[in-house]
Amino acid sequence: MPGAELRTVVVRAWLLLCAVGLGLLVLSVAVADQLARSLVRPLGDLARASDLLAAGHLATRAEVTGPPEVRQVSAGLNRLAERIGELLAHERETVADLSHRLRTPLTALRINAESLHDTREMEELLTDVAGLERTVSEIIREARRPTAESSRVACDAGEVVARRAAFWQPLAEDQDRRMTVEVIPGPAPVGTSGDDLAACTDILLENVFAHTAEGLGFSVRVSLRAGGGAWLVVSDEGPGFADRDAARRGMSTGGSTGLGLDIARRIAEDSGGSLTVGRSATGGGSVTVGLGPPVGSAQPDRRHRRARPHLTRGRRAAGDAGLPDDPPPWAAAANQGLRRERPLR
């Protein structure tokens, strides 16, 4: 066979081998891609289902597909989600049932109050009973509210805190306490219900009256957070907290149940915020509650200049921008104002 013809045959053979090899390589890549997709796609669906469950969407279920191991994990996650839903539903119904049982003694208490001869005492007692009945009704509604609905609540922190501070003001006057209240003008939307924020504020103010001596002052302050939401700081001139972990559930050195600050902490965390306990400038207690913005709200664009904090009675003047960007450590400075401002009398 001539050399030229031999070279042609060899070249053709090599080209054929290269083409076959290239085809096998493309086929192997395609097969590997399909295998990878068959593994990654179910894992991605499983991860998305886990994220939705973590966000509180307990009706979410993972699709049971893919390799046997992935199907086993998906089925286990679905069983876990179903069990969590059952436990939460049982807990809500239990709380609602227990709260509903309080209606009978409340009705008896109302009847006894209406039989009092002292009109003023009867009206005061009936007002307290009505407030307790509203609280019980709210507990029942809240216990039966779906988790997804509770994440869409919102209120104006300034309005709620100002209203509760006005409620506690007469007691402060009776005990000769210097009460300083400062609330920013305009709306301060936060991601919690008005009832929950009112309960949180009442807990903090009740702690002041319960754990500090009469005649000692305190301050209540609300300002906007830079990232949305609001700060609520309650500080006093008392002895302060003996334990920095006072917000832990059941932790109390003052003879109480130790549940108040834990309830306030959970309200703050449910809104996307936090609660911290510290000391004021006078050595007293200072509780800082960070409340997150409402779900889906636009983040505010605030470029205000920082200013030295100065407490005033009631709301600021409309032209005062205040401290919208200050994260509190100004809770300590707030107490310094307790000795500058006159009592709310």
> Residues of region 54-73 being within 18 Å of GLN34 (Cα to Cα) and free of Cβ contacts under 8 Å to residues at least 12 places away in the same chain, which ones?
Replying inline: PRO68, GLU69
> Can you name every residue in region 204-227 that is assigned to a helix (DSSP H, G or I) and out of contact with any helix residue (DSSP H, G or I) (no Cβ under 8 Å at 6 or more places or on another chain)?
Replying inline: VAL208, ALA210, HIS211
> Given (1) touching a helix residue (DSSP H, G or I) at 6+ places or on another chain (Cβ under 8 Å); (2) more than 30 Å from ILE139 (Cβ to Cβ); (3) small (Gly, Ala, Ser), where does ALA81 come up short, assuming only one miss?
Replying inline: (2)
>> Looking at ALA59 and the list (1) part of a helix (DSSP H, G or I); (2) under 27 Å from the mean Cα position of the chain (by Cα); (3) among the small types (Gly, Ala, Ser), which single condition is not satisfied?
In response: (1)
> Does region 132-175 hold any residues that are at pLDDT 80 or above, of a type in the set (Gly, Ala, Ser) and assigned to a helix (DSSP H, G or I), and which are they?
Replying inline: ALA157, GLY158, ALA162, ALA165, ALA166, ALA172
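The values are calculated or read from the model by the stated rules, or taken from the named source; none is laboratory data. Values in this document were obtained by computation on a predicted structure and should not be read as measured data. All Cβ positions, glycine included, derive from the backbone under ideal geometry; neighbour counts span all protein chains shown.
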